[in-house]
Amino acid sequence: MKTSILATGLSCIALAAAAETPVLTVLTYDSFVTEWGPGPAVEAAFEADCGCDLRFVGASDGAALLARVQLEGASGTADVVLGLDTSLTAQAAATGLFAPHGMTSPTLPVAFDDPLFLPFDWGWFAFVHDKAKLPDPPKSFEELAASDVKIVIQDPRSSTPGLGLLMWVKAAYGARAGEIWTGLADNIVTVTPGWSEAYGLFLEGEADMVLSYTTSPAYHLIAEQDDSKAAAAFAEGHYLQVEVAGKLAGSQQPELADRFLAFMLTEPFQSVIPTTNWMYPAVTPAAGLPEGFESLRPEISLLMSSEEAMTVRAEALAEWQAALAR
Amino acid sequence: MLRFDRVVLAQEEFRLSVDWELPAGARVAVIGPSGAGKSTLLAAVAGFFAPQSGRVLWQGADLGPLDPGARPVTILFQDQNLFPHLTLAQNLGLGLRPDLRLSAAQRTQIDTVLERVGLGGMGARKPAQLSGGQIGRASLARALLRARPVLLLDEPFAALGPALKAEMLALVAEVADETGALVMMVTHDPADAKAFAALTVLVADGLAHAPAPTEALFANPPPALRAYLG
Amino acid sequence: MASRIGALIPALLAGALALFVLAPVLAVAARATGFALGPADWAAVRFTAAQAFVSALVSVTLAVPVARALARRSFAGRGALITLMGAPFLLPTIVAVLALVAVFGRAGVVNQGLGLFGMGPISVYGAHGVVLAHVFLNLPLAVRMLLQGWQAIPSERFRLAESLGFGPAQMARHLEWPMLRSVAPGAFLVIFVICLTSFAVALTLGGGPGATTVELAIFQAVRFEFNLGRAALLAAVQFALCAVVAVLGWLLVTPAAFGAGLGRQALLRPPGGWRRGGDALAIGLAAAFLLLPLGAVVLRGLPGLDELPAHVWAAAGRSVLVALTSTAVTVAAALVLALAVARGGRGAGAIDAAAALPLATSGLVLGVGLFLMVQPFVSPARLALPVTVAVNAALTLPFVYRLLLPEARVLLSDYGRLADSLGLRGWARLRWLVLPRLARPLGFGAGLAAALSMGDLGVIALFATEQSATLPLVVQRLMGAYRLEAAAGAALLLVGVSFALFWVFDYGGRRYAAV
């Protein structure tokens, strides 16, 4: 009780002091901000030479982030939005709330260039499994559909990986996507609202495989010294998730926002990404990538342009619903 | 003087007309068949039942706008006259100050009154530890403390045996003497009326008859009373 | 004059509550660009109603033998068992879901047991999984409500029945069946409404898009399509659905009490013979069904307890503060409303309806609407905790109110006139009459409100920053960062704190009432 009163008092003082130093507000997803995420290191490094106060505001994930930007509209207080992915950028661009960044995109496994959004990290979606329990995982969606391997996936309507999977199947199979989903229906144990529920169920042993990222096994290897997990390579190729940041047109601190976007592609930011966000940094750090990041590098990377993603989304979702609703 | 000025008490099928007055300090029995409206008549005085028309006046002032607690009235119900979660002293204290912020003098007053009604030293007890007669006496003790000019008894002693009841009526008479209160007492028993009240009101057939001298009334009962007495 | 203003307070409070619940829907609707519902939305409405109906039916049906057995048997630890069996109702849904999976999932205890006998695994995912989870969460509520019904049968009636030589069958027919007919429909309706607004359970255990509830459809309308018109319309449909149920309930049944004060010993003379075994079986099965998953929460959580990051404790402190504040608000408001409705008179019906309104609310639309309403004036992040307090207070109010109402009625009919005639009013009336007489339901209600407020995270997600995260949000975030062990530890902490709060209030109420 006493400490909370103290904390309130302190935050009042902090607010008063902050009136003098410029504040840069960055809207991002929760896991970026947490103490085990990239947030603290990024904040310390940026504040060290910007003469400003960097504040993160968290939303639950990428999709919530976009909804939040739309809810706030032009009167929002954020300067930068960090953490949208390419399934969402066309929709985000259509709001008219973002301003061009005027920078050159770093080189990714596929060509990427967007005047409004700058990538800061990326990863491949993949099905993760336990090597001991499933020594011989399926090597494609078709093999998976033909097998009796059980998977748990995320709902594309509420989760970014879920939407990524929808795009993955669509990008790989086009008109045959509905058929693939029908084949997969009996492999799907359940569809969860978000990544964490799905991953939790997988670790509980509820499914043989879970939709996640090729870098997930690296987490277990590095953070838990556990090398039992692996990501299965699919012959169709793997869909890319490219995470981007953009500057809001209504920003009160446009110079600071530009400076932050530039900082985003430098070593202090990029070097913390692999072991905090567990994604590939957009610019490979000088020290190279940590152990486990090289174990699965898909030969084929799939990525629809954001316009394409937005156009096929409704149709892909309808196919998905029709196949799984039974 | 308690005056019923063309009062009509009504609820659904029920209807009761009252239009007469009682002198201050009178002792009045209210008698009549069940369901005729004896309790309703008392409730109208106490402020629990608003008349459909007419006014109830005390010493010329309309009681209508007053809340039950603000009326010059103490009422004893058939049961639940004491709060079971409060001690006897607290229950009595409510009669002096509803917020129970009692002065030392008031505490002494409570002890004295308890002594008076034969409950000396029981102030710390809860009602559950008392007998029916003791509860009756405690309720009367509170009436004594409140000393309001009108005392309404809605059959508070109905569950007591004849000897205890007689004892209670004697205590009521004592309280009434001391406070000079007008007493209206609902009863089923002509003997109670005769023993206690100089005046009797007969409530029957939608009418509260004007008060009549008790002796004369029972000596020569009108048809409605005769029907009730059987 | 003062009393006239006093009489206005409940009406104003009810009005404010209705406004708080309905204005956000309008705020969302005001931002809409069009209103239309597709066939998928109507499918969601049908599924929602169907699963709620089955969940409520199964919960109440199963509760009958359990409540009956508890009502007529006395054994060591009976009181503790009744309290513990109430725990699932207080579980945050995400914890409950994982706990159920640990028992009924593919790799769960039940399937491992079946495997020993060579029987194939049963799946917990699908519509039946949703029902299973809802029964798990709501059976405790149903048992408490029915048990209350049993204990409310006057002891004179049992004595009369015994003096007439009734056997168990006649007892059932003449005493228990009439009681059930008046109490069970109320229990059914409450659980039905609770299941109508279910979200996370249906989503995780539903197995796929076929198990889409209205609340989930709202979530998707906001998140996936940013279609606020559809979200507002779905919220309105949800309100309408609950309103239909509420009106039906009004017409058909008397609302059941929620089961405060279950300390009383069994009154029924327990029948012997096979019925003894039947009762033992009912209690044993229910206890296993409700307690095994709880055990799983404890077992999963223990290893994570010592790797809890420091900020988890700060979040726990924040959650307790939020829970206590919203409990104070909700108990005070529910008491004012219950006393006003018990007193009756004009407007009592409207106040009663307003007090039930939050049950029908979509938490998400409430959050989005509030966000839209405050955002033009002040940064939502600065209001995270006040908004959470307000929302928790509003969402738990119907439960506390329903608990208090019957007791307030009894209080008023027993002692209302006496208090009035003594001029007992205002603070003195509260201090000397209401608080001591209603201590039990107030303690139970406060415990319920505090525990439910601990677990709720529906709305805060939109407002919270790292500095204002509550414990459930931290559990969610730990899970989102591969930290499942720490998340399980934090979940155990959450459950422990919720339960401790509940126990302290409930015990305090009983203690105070007993004096």
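The values are calculated or read from the model by the stated rules, or taken from the named source; none is laboratory data. Bear in mind that the values here come from a model prediction, so they are computed numbers and not experimental data. All Cβ positions, even for glycine, are placed from backbone atoms using ideal geometry, and neighbour counts span all protein chains on display. Please note that ligands, DNA and RNA were not included when accessible areas were found on the heavy atoms of the full protein model with its side chains. Shrake-Rupley method; radii C 1.70, N 1.55, O 1.52, S 1.80 Å.
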Q: Would you mind stating whether B:Gln106 is farther than 21 Å from C:Arg431 by Cβ and either assigned by the TED database to the domain that holds B:Asp205 or in contact with a helix residue (DSSP H, G or I) (Cβ under 6 Å, 6 or more places away or on another chain) (or both)?
A: no
**Q.** Filter result for C:Val329 (buried (at least 17 other Cβ atoms within 10 Å of the Cβ) and within 14 Å of chain A (Cβ to nearest Cβ))
**A.** no
Q) Could you say which residue among B:Ala208, B:Ala141, B:Ala198 is outside the structural domain of B:Val28 (by the TED database), at pLDDT 90 or above and of a type in the set (A, V, I, L, M)? A) B:Ala141
Q. Checking A:Trp122 against (1) within 14 Å of chain C (Cβ to nearest Cβ); (2) open to solvent by 10 Å² or more (accessible area, probe 1.4 Å); (3) assigned to a strand (DSSP E or B), which single condition isn't satisfied?
A. (1)
Q: Might you check whether a residue that is under 17 Å from the mean Cα position of the chain (by Cα), closer than 30 Å to A:Ser196 by Cα and touching a residue at least 40 places away in the same chain (Cβ under 8 Å) occurs anywhere in segment C:147-168?
A: no
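Looking at C:Val54, C:Val25 in this structure, which one is buried (at least 17 other Cβ atoms within 10 Å of the Cβ), over 30 Å from C:Val497 (Cβ atoms) and modelled with pLDDT of 90 or more?
After ruling out the rest, the residue left standing is C:Val54.
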Q) If you go through segment A:300-308 one residue at a time, do you hit one that is loosely packed, with under 15 Cβ neighbours inside 10 Å and farther than 17 Å from A:Phe112 by Cα? A) no
Q: Would you confirm whether any residue within segment C:95-108 is more than 20 Å from C:Ser59 (Cβ to Cβ) and touching a Pro at 6+ places or on another chain (Cβ under 7 Å)?
A: yes
(Q) Taking the condition of being without any contact (Cβ under 8 Å) to a residue 12 or more places away in the chain and either open to solvent by less than 20 Å² (accessible area, probe 1.4 Å) or in a loop (DSSP other than H, G, I, E, B) (or both), how many residues in segment B:120-170 meet it? (A) 4
Q: Enumerate the helices (runs of 4 or more DSSP H) found wholly within segment B:32-119, keeping only those where 1 or more residues are of a type in the set (A, V, I, L, M) and within 12 Å of chain C (Cβ to nearest Cβ).
A: B:38-46, B:88-96
Q.
Among the residues of segment B:50-66, what is the count of those that are within 17 Å of the chain's Cα centre (by Cα) and either surrounded by fewer than 16 Cβ atoms within 10 Å (Cβ to Cβ) or of a type in the set (Phe, Trp, Tyr) (or both)?
A. 1
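Quick check on segment A:48-75: of everything there that is out of contact with any helix residue (DSSP H, G or I) (no Cβ under 8 Å at 6 or more places or on another chain) and more than 7 Å from chain C (Cβ to nearest Cβ), which residue is nearest to A:Ser159 (Cα to Cα)? Before the answer, list the steps.
Within segment A:48-75, the subset out of contact with any helix residue (DSSP H, G or I) (no Cβ under 8 Å at 6 or more places or on another chain) is A:48-49, A:51, A:55, A:65, A:70, A:72-75.
Applying the additional criterion that residues be more than 7 Å from chain C (Cβ to nearest Cβ) yields A:48-49, A:51, A:55, A:65, A:73-74.
On the way: A:Ala48: 35, A:Asp49: 36, A:Gly51: 36, A:Arg55: 25, A:Leu65: 12, A:Gly73: 22, A:Ala74: 25 Å.
Result: A:Leu65.
Wholly within segment A:28-77, which helices (runs of 4 or more DSSP H) include no fewer than the required count, namely at least 2 residues that are farther than 19 Å from C:Ala481 by Cα?
Once the helices (runs of 4 or more DSSP H) in segment A:28-77 are filtered for at least 2 residues that are farther than 19 Å from C:Ala481 by Cα, what remains is A:39-50, A:62-72.
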Q | Residue list for segment A:58-87, filter: surrounded by 21 or more Cβ atoms within 10 Å (Cβ to Cβ) and of a type in the set (Val, Ile, Thr) | A | A:Val69, A:Val80, A:Val81, A:Thr86
Q) Would you pick out the residues in segment C:163-176 that are surrounded by 11 or more Cβ atoms within 10 Å (Cβ to Cβ) and either farther than 14 Å from C:Arg72 by Cα or aliphatic (A, V, I, L, M) (or both)? A) C:Phe166, C:Gln170, C:Met171, C:Ala172, C:Arg173, C:His174, C:Leu175
Q. Can you pull out the residues in segment C:203-232 that are of a type in the set (Ser, Thr, Tyr) and either part of a helix (DSSP H, G or I) or within 11 Å of chain A (Cβ to nearest Cβ) (or both)?
A. C:Thr204, C:Thr212
Q | Members of segment C:177-202 found to be part of a helix (DSSP H, G or I) and either among the small types (Gly, Ala, Ser) or open to solvent by less than 10 Å² (accessible area, probe 1.4 Å) (or both), listed by number | A | C:Ser182, C:Ala184, C:Gly186, C:Ala187, C:Ile191, C:Cys195, C:Leu196, C:Ala200, C:Val201, C:Ala202
Q | Residues within segment B:20-35 that are among the hydrophobic types (A, V, I, L, M, F, W, C) and open to solvent by 40 Å² or more (accessible area, probe 1.4 Å), tallied | A | 1
Q: Would you mind listing the helices (runs of 4 or more DSSP H) fully within segment C:382-479 where at least 1 residues are within 22 Å of C:Val95 (Cβ to Cβ) and either open to solvent by less than 10 Å² (accessible area, probe 1.4 Å) or at pLDDT 90 or above (or both)?
A: C:384-421, C:439-455, C:460-463, C:471-479
Q) Given segment A:184-288, what helices (runs of 4 or more DSSP H) lie entirely inside it while holding 2 or more residues that are more than 11 Å from every other protein chain (Cβ to nearest Cβ) and within 23 Å of A:Ser159 (Cβ to Cβ)? A) A:273-276
Q. Hey, any hits in segment B:12-19 for a residue that's away from every other protein chain (no Cβ under 14 Å), in contact (Cβ under 8 Å) with a residue 24 or more places away in the chain and surrounded by 21 or more Cβ atoms within 10 Å (Cβ to Cβ)?
A. yes
(Q) For segment B:171-184, which positions are over 18 Å from B:Thr200 (Cβ atoms), surrounded by fewer than 16 Cβ atoms within 10 Å (Cβ to Cβ) and either touching a Cys at 6+ places or on another chain (Cβ under 9 Å) or touching a residue at least 24 places away in the same chain (Cβ under 8 Å) (or both)? (A) B:Glu178, B:Gly180
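Just to check your reading of the model, which residue among C:Gly34, C:Gly77 is farther than 21 Å from C:Leu205 by Cβ, in contact with a Gly (Cβ under 7 Å, 6 or more places away or on another chain) and surrounded by fewer than 19 Cβ atoms within 10 Å (Cβ to Cβ)?
Numbers: C:Gly77 fails: in contact with a Gly (Cβ under 7 Å, 6 or more places away or on another chain).
Selected residue: C:Gly34, the only one of C:Gly34, C:Gly77 that is farther than 21 Å from C:Leu205 by Cβ, in contact with a Gly (Cβ under 7 Å, 6 or more places away or on another chain) and surrounded by fewer than 19 Cβ atoms within 10 Å (Cβ to Cβ).
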Q.
Quick test for you: out of C:Phe199, C:Phe239, C:Phe188, C:Phe192, pick the one residue that is among the aromatic types (Phe, Trp, Tyr) and within 13 Å of chain A (Cβ to nearest Cβ).
A. C:Phe199
**Q.** Filter pass, A:Ala90 being open to solvent by less than 20 Å² (accessible area, probe 1.4 Å) and over 26 Å from A:Leu317 (Cβ atoms)
**A.** no
